[in-house]
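Reviewing the structure listed below.
Taken together, the values in this text are just the output of simple stated rules run on the coordinates, not laboratory data. Fair warning: this is a prediction, and the values are worked out from it, not measured in the lab. Here the Cβ is made from the backbone with ideal geometry for all residues, glycine too, and neighbour counts use every protein chain on show.
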Amino acid sequence: MCELLEGNVHLSHDLIRLGFVKLFVFLTRPISATYTDDLLEKYKHEVMEHRDKDGWLIDQETSVLLAGKGTGEVNKLARDDYITINHLNLARSLDFVRSNNSWARFGYLFASLFADESGTAIFFDTKKLDEILKSEGLVGSFRVEEKPIFASALLSADIDGSTSLLKCLSNQERSISEIRDSYFPALASWYEEKAQFEFAPEKRYRYLQRAKELTKIKEIKNRIESKGKEYLLEKKRTHAYEQAYPRLQFLKDLGFVSGRDKFRLTERGDRLSKLVVLSRIPSTGKRSLEAVPGLLRSELLLRNEVVKLYSEGMRSVDADGFDKIFEQTCRFYSKIGMVLFSYENIFLATSAMAIRSKASLDLSLFESYTTEMALEKRIVISDTGRGEKYIKPLG
């Protein structure tokens, strides 16, 4: 659903669970391409085999059985199963799976959480994969260490839409109809704010054009005469619902929003909403990068803020603990054939592993430990000159 996060596709009710994305990582590989039809068949088979029998849709925190089936029509003579296809497209949109159905960057990060001490992803073993697939709550719940990876993926792909929905809930509780009616105005306001801080004229113009488009109902020729303005208004409301509702559920999955009939920000969601507030530009009118929060400046800073949201109150990981998870993560990336490891990927992977151990590893601590390792000639930290950093283990 390359268009999902842009809002150009009708979303099925099943599409509200981010958890179905996990299955596509379990069923694919780092490099090997897979025919899409074959992958979809494997996906449907596993969903039909395990979903009900093994309690995939049980929320582990509340024991509530969640809505959704994960697949659409089973009859092969029926039309295409859009639910299954859209789940794959969601995995692609969030950068877990590439178009050739091999892992993308967040696919690697998620798989690294399921690697043994040798660095091999344990679900490459058929028996161990079967054990994972029998896990209760596999789709309905996220382990604590999985959340920063999925939150980073969602915010990287959809920072504008997610932020606007958070703004709809800022300091108030709202029903889905109230969220629907306020979503597009909030998104328009967000684009107008971004335009103030954007240095590139073409991007600034695009933000302002989007803001204008969202504040009016476009005329649909040939329909306005026969259907009238009420038809257009209902079409706008439906589109707003299709935009707001899935995002609302994604943010619920990750612990930023709570509620059923009325929705509100959790404490973590409130902190996230405050992290993306753009500072007002000084009266001089000059654009200042300092007025833009770190979460919006770079992928690395975004991931750092997400990690801190999920590790607040935890003890800092010590040097021995860091060495252990760092070496295990590096063995995983080495095992799949990489020589240079993305600095930001290693940071998020090791931070997620630390969170699993109820420990905190933010960017400043990660930089401190890796700088020391570089001084000891255990690793090399390289900069390609394009603003990207890589880590290369030595020995």
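Summary table
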item	result
Lys, Arg +1 and Asp, Glu -1 on Cβ, resulting dipole of region 265-395 about Cα centre, debye, nearest 20	340
Packing-based exposure ordering (other Cβ within 10 Å, fewest first) of Leu208, Leu154	Leu208, Leu154
Distant-in-sequence amide H partners of Ser102 (H built 1.01 Å from N, under 5 Å)	Thr34
Karplus 3J(HN,Hα) series, Hz, for region 172-179 with 6.51 cos²θ - 1.76 cosθ + 1.60 (x for Gly, Pro)	7, 9, 9, 7, 5, 5, 5, 5
Leu18 long-range amide H proximity, modeled H, under 5 Å	none
Length-normalised contact order of region 313-393 in % [C-alpha pairs under 8 Å, at least 6 apart]	34
C-alpha center-to-center spacing [region 102-137, region 164-183] in angstrom	37
Student exercise, the chain dipole from Lys, Arg, Asp, Glu Cβ charges, in Debye to nearest 20	1120
Residue exposure sequence - Ser102, Ser351 - by fewest surrounding Cβ within 10 Å	Ser102, Ser351
Relative contact order (%) - criterion: Cα under 8 Å, at least six apart; region: region 148-297	29
The chain: relative contact order as a whole-number percent, Cα under 8 Å and 6+ apart	17
Sequence-distant aspartates and glutamates (8 or more away, or on other chains) whose Cα lies within less than 20 Å of Lys324	Asp116, Glu117, Glu145, Glu146, Glu344, Asp362, Glu367, Glu372, Glu376
222 nm mean residue ellipticity, helices alone, for the chain (DSSP H n ≥ 4; -39,500 (n - 2.57); rounded to 500)	-17000 deg cm²/dmol
Quotient of C-alpha Rg and 2.2 N^0.38 Å, computed over region 4-141	1.03
Built amide H within the under 5 Å cut-off of Ile336, gap 5+	none
